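Before any comments, here is the structure.
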Amino acid sequence: MIPHLHPAATALAHAQHVVVITGAGISAESGIRTFRDTMEGLWKDFDPATLATPEAFERDPATVTRWYDWRRLGCLTAEPNPGHIALARLERNLAATDRHFTLLTQNVDRLHQKAGSHNVIELHGSIIQWRCTASSRTTTPPPEPFTTFPPPSPFVPSAILRPDVVWFGESLPESALDAADIAMRSCDLFCSIGTSSVVYPAAGFAELARRRGASILEINPNPTPLSPLATWSLRGKAGDLLPALVDHALA
Ligand code: BJW
């Protein structure tokens, strides 16, 4: 066992309601680029302000949908890594012992579901699903590249599709915010995994959980604004630390 895991693993072993929030870092080991890492972040080549806003989509829907289609195809072919799989295993084990587990994810890649997690709340939507700009109806396009940018809506003639994700300046789905709030009311251990903790409102959840009495565990190779508030900050990759932590807690 990695020695510094011990106190956090003990807390996990005794927790009654574990809430986990994940960010792009947990999918990095599945080959999906993160947003803000200095050397390899997705936005090293693409400016988020240019592409991840409703204004950008209105201005240049072709470029924005090309970028999202390229990422959609990458997510569809990616496989969950040991970090995703460890969280699915933790959920199954807690459920089997009448304890609670809630997974809040900022990721749009659906890899948690592919790994077998069930109680997943998608805070920033999903890139696998697309939405009609006129009717808001959603569809799951086939796993081939789009041939028209922006893709036409199958629901309303002359309308187009956009990715069913949350852009800057847009509200998070109300159902997701409500579910997150309810989970944080009874959570006694809050784990923040692979997120830079800079994008709100998700970045504020750990502080909220802490004020409600939960311990905070962070897993990230780098320090974040959350690190000083965390009860335990484990420095390393989610794909290494999560399986070891869950193994130890469930032993
Ligand atoms: C590893 C690793 C490994 C690497 N293992 N770890 C309060 C204060 C200030 C501003 C605001 C505020 N409230 C709202 C705002 C405005 C805005 C905001 O937060 N701005 C900040 C940037 C300042 N928020 C919003 O607009 C939100 N809407 C909203 O609040 O509506 C109401 C409102 C609007 C306007 C004003 C006020 C209220 C919406 C946010 C939507 C975010 N959308 C995106 C794009 C989704 C679609 C897409 O995929 O393209 O979501 S932005 C992008 O950032 C994406 C991510 O989910 C999100 C978070 O990024 P994440 O996951 O943390 O990734 P990275 O790359 O930042 O970090 C990766 C981490 O992994 C790093 O720390 C690495 O070290 C680590 N790592 N390898 C473990 N192997």
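The values are calculated or read from the model by the stated rules, or taken from the named source; none is laboratory data. Note that the structure is predicted; figures quoted are calculated from it, not measured. In this analysis, Cβ positions are derived from the backbone assuming ideal geometry, glycine residues included, and neighbour counts consider all displayed protein chains. Please note that ligands, DNA and RNA were not included when accessible areas were found on the heavy atoms of the full protein model with its side chains. Shrake-Rupley method; radii C 1.70, N 1.55, O 1.52, S 1.80 Å.
Remark: relative contact order (the chain) = 26 percent; criterion is Cα-Cα distance under 8 angstrom and separation of 6 or more residues. Computed from phi, the 3J(HN,Hα) profile of the range 64-74 under the Karplus parametrisation 6.51, -1.76, 1.60 (θ = phi - 60°) reads 5, 6, 4, 4, 6, 5, 4, 6, 4, 5, x Hz, with x in place of Gly and Pro.
When you restrict to C-alpha pairs under 8 Å that are six or more residues apart and normalise by the size of the range 126-170, the relative contact order lands at 46 percent. With a Förster radius of 30 Å applied to the beta-carbon distance between residue 156 and residue 177, the computed FRET efficiency rounds to 0.60. Potential lengthening of the chain between residue 59 and residue 10 amounts to 12.5 nm, from the contour at 0.36 nm per residue minus the alpha-carbon distance. Approximating the spin labels as points 7 Å out from Cα along Cα→Cβ, the residue 198-to-residue 76 distance works out to 3.1 nm. Taking all protein chains together and rolling a 1.4 Å probe, residue 137 ends up with roughly 130 Å² accessible.
Heavy-atom accessible area for residue 70, with the other protein chains in place and a 1.4 Å probe, reaches approximately 130 Å². Taking all protein chains as shown and a probe of 1.4 angstrom, residue 191 keeps an accessible surface of around 10 Å².
For the chain, the longest principal axis of the Cα atoms and the long axis of helix 174-186 meet at an angle of about 0 degrees. Other residues within the sphere of radius under 11 Å centred on the Cβ of residue 103, judged by their own Cβ, net out at -2 (K and R +1, D and E -1). Placing a label point 7 Å from the Cα of residue 135 along the Cα-to-Cβ direction, the residues of the range 153-173 with a backbone N closer than 16 Å are 153-162. What a 1.4 Å probe finds exposed on the chain is 55% carbon and sulfur by accessible area, rounded to a whole percent. With contacts taken as Cα pairs under 8 Å and at least 6 residues apart, the range 64-152 reaches a relative contact order of 32 percent. Summary of the geometry: the range 187-204 and the range 233-247, compared by the centres of their Cα atoms, lie 16 Å apart.
Assuming a viscosity of 1.306 mPa s and a temperature of 10 °C, what translational diffusion coefficient in µm² per second does Stokes-Einstein assign to the chain, Rh being the Kirkwood radius over Cα pairs? Here the translational diffusion coefficient equals 85 µm²/s.
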